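Worksheet: the structure to be examined is printed underneath.
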Amino acid sequence: MKVSIIGTGYVGLVTGACLAEVGHEVICVDVDPRKVDMINSAEAPIHERGLPELLKRNSGRRLSATTNLAAAVADTEITFIAVGTPAANGKIDLKYVEAAAAEIGRAIRDKAGYTTVVVKSTVVPGTTIGVVQRAIERASGKKAGVDFGLGMNPEFLTEGTAVADFTFPDRLVLGGIDARTHDVLRELYQSFDDSVPRIETNPTTAEMIKYASNAVLATMISFSNEIARLCSAVGGVDAIDVMRGVHQAGYFTIRHGGERLTAPICSFLEPGCGFGGSCLPKDVTALVGQGRENGLSLDLLQSVLRINGAQPDEMMRLMGLHYQSLRDVPVAVLGIAFKPDTDDIRESPAFPLIRRLKEQGATLTAYDPIARPSEHPDLAGVRLADSLREAVAGAKIVLLVTRWSEFSALDGLLGELGTQPLVVDGRRVLNPGSFSQYEGIGRA
Ligand SMILES: NC(=O)c1ccc[n+]([C@@H]2O[C@H](COP(=O)([O-])OP(=O)(O)OC[C@H]3O[C@@H](n4cnc5c(N)ncnc54)[C@H](O)[C@@H]3O)[C@@H](O)[C@H]2O)c1
């Protein structure tokens, strides 16, 4: 099929490259000419495992990029909207979605053939058949369900494993306003394994499935962090041991033949310094906001956000057990990306922590193996180290914020450097016995 994708960020580009790989002809559209040029030169504008290889194989063949949205829409049968939906005042800002929808509408005004427009961005339930449909109809003078198809196909990929997640999805959620839209979506995903469950539904249900999926993950994380806080307060009990016991329940670990298989959800049931990224905080906030607009107080999800917002304070408390004042104390922050294997720093838990450390007058160095943000306001006055060794040399406190595998070598490195800083483990990945001063979230 001929596919155009509006918005070539983490989701749009991975979607485009993966669809090209399975044989579709894909045009990626972005307002950023730098991204467009890079894609056309088979260079990945983001750090994502497997993406450079996909671009090398497909760019200039089945995959191209342009800033010309109208031409891309005119030339394709199906158009995805994959632009950003950032948080704004307790809601999501739909201005990019609305602008893309209006531009698609203008592009299909004079188009003779039938087009199907599919929303892939995460949008609050009701957006596709509300804001998006209205904007396209108004700009095109055409009618959804008569002149064009309209669908919602949320994306569940995780940064760091995005290519594999898209290629081998655990489910396909296909929301459509009518049978014709469903036919188009079915055809698009025809080459995907038949065993992948297809959930065919209406666009609003598809939107809610995405939000409910992210909300449950955020809830798991905040649940673990609440239990972890209580473990620390009670004393003599380590939240990691507690969660290990919880994970062994048959709900989480199933017997399969002679093996015991622990469900990946258990990684969300481990205490840490909080969730971040471009999805979980924004999506839970948006759901709470939509509840408010509908006269509902979503108390559980509000608590999930409140607990998460307090996790940097827990890191500060652990430092406070050793230091009365942090003024001029050299502190190394390990990890700026919101999770390992990505360069994405949006809503990273490192930033609220860095802000608190700055307020207390600490001397800060930060290091991340991949993320190299140059102009983030929270990093003003923070020295960015080029290596783990450079980051921790001279530090009195080392804070582990992101679960990068490189950081597991910290004990050996400190041994070589001959230093014994306080290590505060925000991800509970280090062996406490390897450090002379160690604190970890949820530890007795
Ligand atoms: N990043 C993830 O892990 C992830 C996972 C699932 C869903 N989502 C959702 O997918 C959507 C996109 O997320 P992302 O992380 O890819 O965003 P992103 O910010 O990385 O990319 C968005 C892109 O859209 C472009 N853009 C904006 N307006 C445009 C327009 N009118 N025409 C053409 N291009 C335009 C921007 O230049 C940018 O390159 C969001 O709704 C997000 O919540 C993200």
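Per-structure values
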{"item": "Set of lysines near Lys2 by C-alpha distance (under 28 Å), chain-local residues within fewer than 8 positions excluded", "result": "Lys35, Lys56, Lys95, Lys111, Lys120, Lys142, Lys143, Lys210"}
{"item": "Alpha carbon Rg of the chain, scaled by the compact-globule rule 2.2 N^0.38 Å", "result": "1.06"}
{"item": "Cα Rg, Dmax (largest Cα-Cα span) when computed across region 202-444, Å", "result": "18.8, 61"}
{"item": "Fully extended contour minus Cα-Cα distance, from Lys95 to Val216, at 0.36 nm per residue", "result": "40.9 nm"}
{"item": "Region 322-412: C-alpha pair distances exceeding 18 Å, %", "result": "37"}
{"item": "Fraction of beta bridges assigned by DSSP in region 202-444 that are antiparallel (%, nearest 5)", "result": "15"}
{"item": "Exposure proxy order (Cβ contacts within 10 Å, fewest to most) of Asp32, Asp165", "result": "Asp32, Asp165"}
{"item": "Longest DSSP-loop-exposure-free segment, trypsin sites (Lys or Arg not before Pro), the chain, at most 13 other Cβ within 10 Å", "result": "172-326"}
{"item": "Within the chain, percent of DSSP bridges classed antiparallel, to nearest 5", "result": "15"}
{"item": "Stretch gain in nm, segment Asp32-Arg356, where the contour uses 0.36 nm per residue and the Cα spacing is subtracted", "result": "113.2 nm"}
{"item": "Förster radius 45 Å - calculated FRET efficiency between Thr67 and Phe168 (Cβ-Cβ, nearest 0.05)", "result": "0.90"}
{"item": "Global geometry of region 7-111, whether rounded, prolate or oblate, following the gyration tensor of its Cα atoms and the 1.5 cut on a/c", "result": "oblate"}
{"item": "Under 19 Å from the Cα of Lys339 - lysines, other chains or at least 8 residues apart", "result": "Lys282"}
{"item": "Surrounding net charge for Pro197, when Lys and Arg each add one and Asp and Glu each subtract one, Cβ distance under 11 Å", "result": "-2"}
{"item": "Label point distance in nm, Tyr323-Arg306, each placed 7 Å from Cα along Cα→Cβ", "result": "3.0"}
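Only the coordinates and a few stated rules stand behind these numbers; no lab work does. Remember, it's a predicted structure, so these values are computed and weren't measured experimentally. A quick note on method: Cβ atoms are made from the backbone with ideal geometry, for glycine too, and the neighbour counts reach across all protein chains shown.
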